[in-house]
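The values are calculated or read from the model by the stated rules, or taken from the named source; none is laboratory data. What you are looking at is a predicted structure, and each value in this text was computed from that prediction instead of being measured. Heads up, the Cβs are rebuilt from the backbone with ideal geometry, glycines too, and the neighbour counts pull from every protein chain shown. Calculation scope for accessible area: heavy atoms of the full protein, side chains included, ligands and nucleic acids excluded. Shrake-Rupley method; radii C 1.70, N 1.55, O 1.52, S 1.80 Å.
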Amino acid sequence: GVFDEANISVIASETVREIGRLAGRSLDMRRFRPNIVVSLLRSAPFQEDEWVGGVLSFGEGTDAPAITVTMHDERCSMVNLDPDSASPAPEVLKAVVRANRNNAGIYGGVTRTGRLSVGQTILFRAGGR
């Protein structure tokens with residue numbers, strides 16, 4: 001089986017696009033098996049690396065669902081497999097390794113439950129604040 005390291009996996013669409021560019025192919029987001037896909041205001045890949053130790057809140061207010069970002073998402077060979085055909089493309093993992101030391105996205109633990117919705121504002125708070 002394939003097991004993830006934490007409760008929640010988050011990746012930015014900009015990160016997946018950059019990995020696809022480096023691998024020379026258009027990638028289906030499902031290769032990365034995220035629970036949550038975010039679109040960033042600043043269009044730069046691998047911004048998720050900056051979130052480790054912080055908190056992502058989904059929506060505004062003190063009752064907004066939130067996760068604590070616990071670690072980088074170190075990728076395995078599963079990203080090489082097409083989610084529909086299982087055809088391998090080893091250039092995908094090679095691109096992740098070259099571009100960002102084998103990390104793409106983050107893992108987190110739920111700190112406040114609630115409802116998420118498409119288009120919802122996501123706020124980041126650095127750790128220790």
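Selection over region 58-84 of residues that are surrounded by 13 or more Cβ atoms within 10 Å (Cβ to Cβ) and either in contact with a Lys or Arg (Cβ under 8 Å, 6 or more places away or on another chain) or not in a loop (DSSP other than H, G, I, E, B) (or both) gives a count of 18. Just one of the numbered conditions (1) modelled with pLDDT under 95; (2) on the phi > 0 side of the Ramachandran plot is not true of R42: (2). Just one of (1) closer than 22 Å to S117 by Cβ; (2) surrounded by fewer than 17 Cβ atoms within 10 Å (Cβ to Cβ); (3) modelled with pLDDT of 95 or more; (4) not aliphatic (A, V, I, L, M) fails for N7. It is (3).
Within region 4-12, can one find any residue that is free of Cβ contacts under 8 Å to residues at least 60 places away in the same chain and not hydrophobic (A, V, I, L, M, F, W, C)? No: region 4-12 contains no residue that is free of Cβ contacts under 8 Å to residues at least 60 places away in the same chain and not hydrophobic (A, V, I, L, M, F, W, C). If you go through region 45-54 and keep only what is in a loop (DSSP other than H, G, I, E, B) and open to solvent by 30 Å² or more (accessible area, probe 1.4 Å), you end up with P45, V52, G53. Criterion applied to R42, R25, R17, R30 was being surrounded by fewer than 20 Cβ atoms within 10 Å (Cβ to Cβ), in a loop (DSSP other than H, G, I, E, B) and in contact (Cβ under 8 Å) with a residue 12 or more places away in the chain, and the one residue passing it is R25.
Given the condition closer than 17 Å to V16 by Cα, among the charged types (D, E, K, R) and touching a residue at least 40 places away in the same chain (Cβ under 8 Å), answer yes or no: does some residue in region 96-118 qualify?
yes
For region 28-70, the tally of residues that are more than 16 Å from G105 (Cβ to Cβ) and among the charged types (D, E, K, R) stands at 3.
Of the residues making up region 85-106, those that are small (G, A, S), open to solvent by less than 30 Å² (accessible area, probe 1.4 Å) and not in a loop (DSSP other than H, G, I, E, B) are A95, A104, G105.
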